[in-house]
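What follows is calculated from the coordinates using simple rules that are stated; it is not laboratory data. None of the values given here were measured: they were computed from a predicted structure. Methodologically, a virtual Cβ is constructed for each residue, glycine included, from the backbone with ideal geometry; neighbour enumeration extends over all protein chains shown.
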């Protein structure tokens, strides 16, 4: 029974019962009869005189039938629903999955799984709040939406309007699904209540109702506590198929930077083969397309693993000189649109501009091999002079590589420095560490991908302590070996030893690190990155020192201001996949625009077939069958009302008319 | 039922002929003020021998039995039952409730018949109409020739207004007619004063016969148009009672009426009052010639 339905039913009853009773009494025409004595009558009337109104009602079977009929109709309008004698928890957390797979349109009438989950959750809330006179104490419910992260939509409360509003306000994301953050959030709020005078004990065992399709990445790591129990309402169908873009990329040709090479991978998660056309567009212009629909093999089983069918395609080269947003699209679309398109922000043809301060043979040869657009060598004194005249000298380069003793001023520009620790805020050097080796590496850091530093040995590393504006991306046994952080108006990657004082130049990781570090630094300059983000990631972008009206426009939304700190603009997390446009006006009041691509490539989310069970806490959690037990009562009540109407008609004709043919009907 | 306008509407010729043979029976030997045709407990100058008693000085020597004196040489007086006239009062409830359902007409006809019986038997007949807290009375009737006057008087009476039975009975019973037989005709549907009213008759030495006349709509209201939603108006005090007739209500009404009648019968039994209940559909000839005779009221 929804609140509007209950209100409608109550209003109907009140609106009709009062006029009905009033008309009954107004239209009641009593015939006057003179009797010998009212004594035999009066005595019994006096017994009932305490309530004349009730006496009249009692005497009128017809009015009572009419009132009962009206009451039944009002109840029918309220659309009551019987859910049997299910256990009614005192405190409950509704976990609403709003991850990417919940956008699948496999509900009745083509509605999304999230919409189905909202309906089920609202019905659950109303079932808990219902019961009228026979209801137990109203339970307290908290609503948490979760995907990669979790957030409280409604704290523990028994106010159904607030709960309904919170559930309705949940938006879909394109993030992957992690249950653990949601559980931790619910535990953190376990002893709280939004209601000032709650009657529910706060230490009541927690019942968690999960509204999800069961595609949860960390479900194997989740365990419930002893005072927790979970009920899973499965949303979505277990046989919904999906095929979409698994990977997309664009690269400029080495020979001609204006020529772009695009490639993509398409995956099929369905149990039947599928075919997809793939196109590449930029600004609505078709640049390339697959010659024929790609025939995708079906999902195959290898042991317990499910291997999606996959095809890769490399498109013919096409020519784009400037910066562009490339849109990959597969068609026809299926129930899951999240992976039917992908974006790539393509760099401009401008080549990398490098400055090198100092000298190291292995580094020099490597930089030469990388063939940047321009490579200028400076000694340290020259740089000092140049910076004396132009403090923003380093900003003229996409990256500055320095070796040995650092320049005095490194607060502007993007630096990759090897050797002695520069004097920058947050850095506290304290001598040499001597021989050191890498102990932990943040492999996910952009400059350290595919860098195996297990065999790195630095003979003369510098020791330092860092503050919070720096992060150690490679920790040595004695001191950080590689750190990254803001220099004020610039950014620096600092390696605490000179390559020549280590065995690093003999490892491939040195090449990977240097190339990726330069790429990272260049991405912070005017050269946009072609790297795409995953949903849930923060969007960070180096912007010029003067960048006014800095805004970001998420896909399908309006422009929003971006936070800016230390020369880096940030916004996020970017919860929806798509192309995010960033705009600002530079020092010359010229409009500048960048694109950041956020693509859904998560295999767990793209495999949209709803789970059949959840391996939770070592047990197999089966989906709840509560909805199957729900029974709408209003059709039965309506039938009862009709039968009552017939009974009243029969009563009227067989008793009232027959008994007093000369009397006018009183009602 | 229209009001009677002529004497024959009260008492037709056939009925008169039948009544000529009847007399009222009083369960008591009553003393009248004038010689009548009834035996009295008083020994005196009647024709019927009662007993002997020894002579005492001052006794009337005409009643000495000289035959006994001749045989026994002692003086004995013959004692005769003195024949006295009977004082018969027929008191009719003339309240408005008697107008309902033809009860007053039955009461008028009964009063006329019983009065006629009294007149032809040389009793002193008094007709009384109990009304409000007093009574209208036509007294001193004796002999057949007074029947016309009695009938005319009855025809002029109407049932209207209320009745305080206790006061009216007290006023009627304390008249100078002397003790005798009182026949009280009423529906006895009174809320109060019934017991004290009847007691006032008995207390003043009357041999009382209570003739309760009920209309059919008093006994079975549902079959006489009392159905549906009604505003019942009491005929005497005009009080209103709104009812919606139902089976349960009718059952309760019937039970309460029976309880009221049982109360009346018990009251009469305790006071030595003969009680006879009739309804308005009764055959008057059959009532007089059979019912009342078998009930020991007429002979």
Q: Provide the packing ranking of A:486-493, B:226-233, A:414-421, B:191-198, i.e. peptides ordered by the mean count of other C-beta atoms within 10 Å per residue, highest first.
A: A:414-421, A:486-493, B:226-233, B:191-198
**Q.** Förster-model FRET efficiency, 51 Å R0, residue A:319 and residue A:620, C-beta, rounded to 0.05
**A.** 0.35
Q: List the extent of the Cα atoms of segment A:539-598 along each of their three principal axes, largest first, rounded to whole Å.
A: 32, 21, 16
Q. Averaged across the residues of B:244-252, what count of C-beta atoms belonging to other chains lies within 10 Å of each residue's C-beta?
A. 4
Q.
Report for the protein assembly as shown the percent antiparallel among DSSP-assigned beta bridges with both residues inside it, nearest 5.
A. 60
Q. Helix B:103-120 sits at what angle to the longest principal axis of chain B, using alpha carbons and giving 0 to 90 degrees rounded to 10?
A. 10
Q. Can you put B:224, A:189, B:275 in order, fewest other beta carbons within 10 Å first?
A. B:224, A:189, B:275
Q: Please express the Cα-Cα pair-distance distribution P(r) of segment B:109-227 as a list of whole percents, one per 5 Å bin, running from 0 to the bin with the greatest distance.
A: 2, 11, 20, 22, 19, 13, 7, 4, 2, 0
Q. Which distance in nm do the two modelled labels at residue B:196 and residue A:331 give, with both placed 7 Å along the Cα-to-Cβ direction?
A. 11.0
Q | Relative exposure of B:131, B:146, A:588, B:103, judged by other C-beta atoms within 10 Å (fewest first) | A | A:588, B:146, B:131, B:103
Q: For chain B, state the semi-axes of the equivalent ellipsoid (square roots of 5 times the eigenvalues of the alpha-carbon gyration tensor), sorted largest first and rounded to whole angstrom.
A: 44, 20, 16
Q) For segment A:374-447, how big is Rg over Rh, using alpha carbon atoms and the Kirkwood form of Rh? A) 1.01
Q.
On C-alpha positions alone, give me the angle between the axis of helix B:247-271 and the longest principal axis of chain B, in degrees, nearest 10.
A. 10
Q) Pick from B:174, B:212, B:258: which residue has the top mean-square fluctuation in a GNM of chain B where Cα pairs under 10 Å get a spring? A) B:258
Q. Just counting partner chain Cβ atoms within 10 Å, what average do the residues of peptide B:87-98 show around their Cβ?
A. 1
Q | Euclidean distance between Cα centres, segment A:327-398 to segment A:559-607, Å | A | 19
Q: Report, in deg cm²/dmol and to the nearest 500, the calculated mean residue ellipticity at 222 nm for chain B, where each DSSP H run with n ≥ 4 adds -39500 (n - 2.57) and the sum is divided by the residue count.
A: -9500 deg cm²/dmol
Q: Apply the Debye scattering formula to segment A:353-523, with a single equal point scatterer on each alpha-carbon and no solvent, then give log10 I(q)/I(0) at q = 0.09, 0.11, 0.18 Å⁻¹.
A: -0.26, -0.39, -1.15
**Q.** Partner chain coverage, peptide B:221-231 - average Cβ within 10 angstrom
**A.** 6
Q: Neighbouring Cβ atoms within 10 Å as the yardstick, rank B:52, B:104 fewest first.
A: B:52, B:104
(Q) Two decimals, Cα atoms only, Kirkwood Rh: what is Rg/Rh over the protein assembly as shown? (A) 1.46
